[in-house]
Amino acid sequence: MSYDKTKTDPALGQKVHEYLVSVGVETPVIDNGLSRKEKIDKIEGHFDEIVGTLGLDLKDDSLMDTPKRVAKMYVNEIFWGLDYDAFPKATVVENKMNYNEMIVERNISVQSNCEHHFVVIDGLATVAYVPKKNVLGLSKINRIVEYFSKRPQIQERLTEQIYHALAFILDTENVAVMVDAQHYCVKSRGVEDTGSSTITSRLGGSFKAHPEVRAEFLSLLKV
């Protein structure tokens, strides 16, 4: 999904950013002061140089708009999760029904890009939590997974960021995150292993402290 400013909460995004910095899992970024348009213009110019350096003819009608396409894709489609003004709305509601069992959302799409080679990470996430005071709309979990996927990533940090953002928003450590993904830096280059995938997990609160809760979560992954 591309950046959609109508479904964002910049104030919450800034709070999440500060929290991720405090727990040491924020993406290494700098504030270069550039607007979205300025970033697109700058990337377009640099990519023009890359295409020319490769020996491709930018006067060809199939290639002439490639630098602009790539620049807009980077800023508005695959790396918009670098912008905390684009953090998704994630309003919680009071747990008035006193629900205290596990909530699990499986098979959440993960489409990211590795920060080492800028090629695709493609997989699925499972997120679970046991609520205390608050519950979160299910689609908000998908949007938070998507947000942190839309930046150059390593899977370990992606898993940590999803966990800590949800723990912060829900005000509970009773959160579990599992990501199973294929990395095209392994699949399409280097070792060129087309069959392997990588699994990462982050368990907190009761998921980590109580073996029976962990076992229930793991069993639900297999259903």
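Residues are listed down the side, and each one gets a yes or a no for (1) among the aliphatic types (A, V, I, L, M); (2) modelled with pLDDT of 95 or more; (3) touching a helix residue (DSSP H, G or I) at 6+ places or on another chain (Cβ under 8 Å):
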{"position": "Val104", "(1), (2), (3)": "yes, yes, yes"}
{"position": "His116", "(1), (2), (3)": "no, yes, yes"}
{"position": "Val120", "(1), (2), (3)": "yes, yes, yes"}
{"position": "Gly137", "(1), (2), (3)": "no, no, no"}
{"position": "Ile144", "(1), (2), (3)": "yes, yes, yes"}
Quick check on the stretch 196-203. Is at least one of its residues out of contact with any helix residue (DSSP H, G or I) (no Cβ under 6 Å at 6 or more places or on another chain) and closer than 20 Å to Val23 by Cα? yes
(Q) For the structure I just gave you, tell me whether Ala167 is touching a strand residue (DSSP E or B) at 6+ places or on another chain (Cβ under 7 Å), at pLDDT 95 or above and more than 19 Å from Phe87 (Cα to Cα). (A) no
Reported set for the stretch 40-84 where residues are of a type outside the set (A, V, I, L, M, F, W, C) and open to solvent by 90 Å² or more (accessible area, probe 1.4 Å) is Lys42, His46, Glu49, Thr53, Lys59, Asp61, Arg69, Lys72
**Prompt:** Among the residues of the stretch 27-39, is there at least one that is of a type outside the set (Phe, Trp, Tyr), under 22 Å from Glu146 (Cα atoms), touching a residue at least 40 places away in the same chain (Cβ under 8 Å) and buried (at least 17 other Cβ atoms within 10 Å of the Cβ)?
**Reply:** yes
Reported set for the stretch 176-213 where residues are of a type in the set (S, T, N, Q) and under 19 Å from the mean Cα position of the chain (by Cα) is Gln182, Ser197, Thr198, Thr200, Ser201
Original post:
What do you reckon, is Ala215 among the aliphatic types (A, V, I, L, M) and either open to solvent by 60 Å² or more (accessible area, probe 1.4 Å) or under 23 Å from Tyr74 (Cβ atoms) (or both)?
Top reply: no
For strands (runs of 3 or more DSSP E) lying entirely in the stretch 71-175, having 3 or more residues that are over 26 Å from His46 (Cβ atoms) and of a type in the set (Gly, Ala, Ser) picks out 120-129
Picking from Ser139, Ser149, Ser188, the residue that is open to solvent by less than 10 Å² (accessible area, probe 1.4 Å) and of a type in the set (S, T, N, Q) would be Ser149
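The values are calculated or read from the model by the stated rules, or taken from the named source; none is laboratory data. Note that this is a predicted model, so its numbers are computed, not measured. Methodologically, a virtual Cβ is constructed for each residue, glycine included, from the backbone with ideal geometry; neighbour enumeration extends over all protein chains shown. Please note that ligands, DNA and RNA were not included when accessible areas were found on the heavy atoms of the full protein model with its side chains. Shrake-Rupley method; radii C 1.70, N 1.55, O 1.52, S 1.80 Å.
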